[in-house]
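The structure appears right after this line, and notes come after that.
The values are calculated or read from the model by the stated rules, or taken from the named source; none is laboratory data. Predicted, not measured: the structure shown is a model, and the values here were computed from it. Neighbour counts run over all protein chains shown; Cβ positions are idealised from the backbone, glycine included. Accessible surface areas use protein heavy atoms only, side chains included; no ligands, DNA or RNA. Shrake-Rupley method; radii C 1.70, N 1.55, O 1.52, S 1.80 Å.
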Protein chains: 2
Amino acid sequence: MPLSRAKIAAAAIQLADVHGLDGLSVRKLAKELGVGPMRLYDYVVNRSELLDLMVDAIYAQIAEADQHSQWRATVLAIYHRTRDATLDHEWFSDLLGGRPHLGPHALAVGESTAAALSQAPAVRDIDDLQRIVGALNAFVIGALRREVTERRTARTTGTDVTTWQKTLGPYLTRMLKTGRYPTVARLVIDGAHLNPEETFHHNLITILDGITS
Amino acid sequence: MPLSRAKIAAAAIQLADVHGLDGLSVRKLAKELGVGPMRLYDYVVNRSELLDLMVDAIYAQIAEADQHSQWRATVLAIYHRTRDATLDHEWFSDLLGGRPHLGPHALAVGESTAAALSQAPAVRDIDDLQRIVGALNAFVIGALRREVTERRTARTTGTDVTTWQKTLGPYLTRMLKTGRYPTVARLVIDGAHLNPEETFHHNLITILDGITS
DNA sequence: TGCGCTACCGTACGGCGTATCCATAAGGTA
DNA sequence: TACCTTATGGATACGCCGTACGGTAGCGCA
């Protein structure tokens, strides 16, 4: 097996899936592939280019979204698929919005999204399109980052009450008991655990429909 | 000068403002403060806690937003101030959404935002509030990340045409000339350079009014 | 005077990205 | 067959990083 950019990216993704982006080093990746570290620099100029490779591989996964005849359904499908891919590869959220996504598959996804949105009746000119694409992407980036962060903290502190009280619990409850943050306290304590997918869907629809009308 | 968490945070912020988060190391920070590296670990348990300190210092800056009598004006003021602070300290965008913001000032900002939004007529119960706060925060996080990323690439590649053509230009124009990304091409080529602040404001208002009605 | 405690610091370890140089194998030519 | 060229892969090394650890100097107090 002669080693290739695709193979390197696949191994890197697998490593990052398990150990996160911090746990992905050029050296470990090389060891995983059974070669010396410097070998990888024949295929990639930088660690950062390695990340670009990984990102575009994820976009390839996203780009497989089915084309719907309705522009609205197409847009929703793409963003939901983005969410699915992000939850499958949480490190992806660390890179979301942090660098320009210019790989071929990223461009393809961007093209599908923009093309669909350009069919919305409210989109009169290219400036409208730019604003709308920007707003939607911004929401999705932020929402996915938040969701992944919540997942991570829930995982490390544990969802159950006992470990929660041993980690962030004391500090947070102490802060909330000061009475200086009543609304936040209500959100934390009384706020039901909303279904993340439903919340994402609901907010996405609200913004999409609000912005295209 | 006896060294304190506040002083450490201030020096760290200054360093990060100039050299970015990557250019901020515990060792450099210690040297800047005229002490040995390990000295800082008497005030901070981790590099990560150092970042938390810095983040909360920025939230302190944001929290100074004036209180308006109208909830809508309050919300807008807070988010605009968030944007201002982020553009003053671009590294802040790298941390946005990537970790829970639980410092006292972050909580204060969250409290002000949530309290204001809870006065919106459309907010009936706490679940509404949770969804709306989540959606707005998500948009702002994503929008600021994107804006900072654009600023950075514009800075390194240069805004003028000549350097642009020497860096990303060739690759991107080649990709766009394939004809596979017509809509993206139109966005890049024909899309006017929209005023970032206006775009932010416009989108924020659209989402805010769409979601609270 | 002696003693424990605290504040502080120097050193060191393991890991990182990557520049540079070396060994070896492969293949073409005389 | 013998030699030279060229590509392929690897070992080593440099300068950084975060931080664990052990030691020391100064000081309050018995």
Practice prompt. Find how many whole Å separate the alpha carbon centroid of region A:1-57 from the alpha carbon centroid of region B:20-54.
Written response: 30
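Computing the accessible area with a 1.4 Å probe over protein heavy atoms, can you report the carbon and sulfur percentage for region B:55-178?
52
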Fill in: Table column - 3J(HN,Hα) (Hz), region B:26-32, Karplus curve with 6.51, -1.76, 1.60, x for Gly and Pro
4, 5, 4, 4, 4, 4, 4
Worksheet entry | Area hidden from solvent between B and A (accessible, protein heavy atoms only, 1.4 Å, total, Å²) | 4600
Fill in: Debye, to nearest 20: dipole size of chain A, +1 on Lys, Arg Cβ, -1 on Asp, Glu Cβ
920
Discussion item. Strictly over 25 Å apart at the Cα level, which of B:K7/B:K28; A:K177/B:K7; A:K7/A:K28 would you flag in this model?
Written reply: A:K177/B:K7
Fill in: B:L87 accessible area, 1.4 Å probe, all protein chains in place, Å² to nearest 10
30
Worksheet entry | Convex hull per residue volume in Å³, alpha carbons only, for region A:1-44 | 64
Discussion item. What number comes out for accessible area per residue over region B:73-141 if the probe is 1.4 Å? Units Å², please.
Written reply: 31
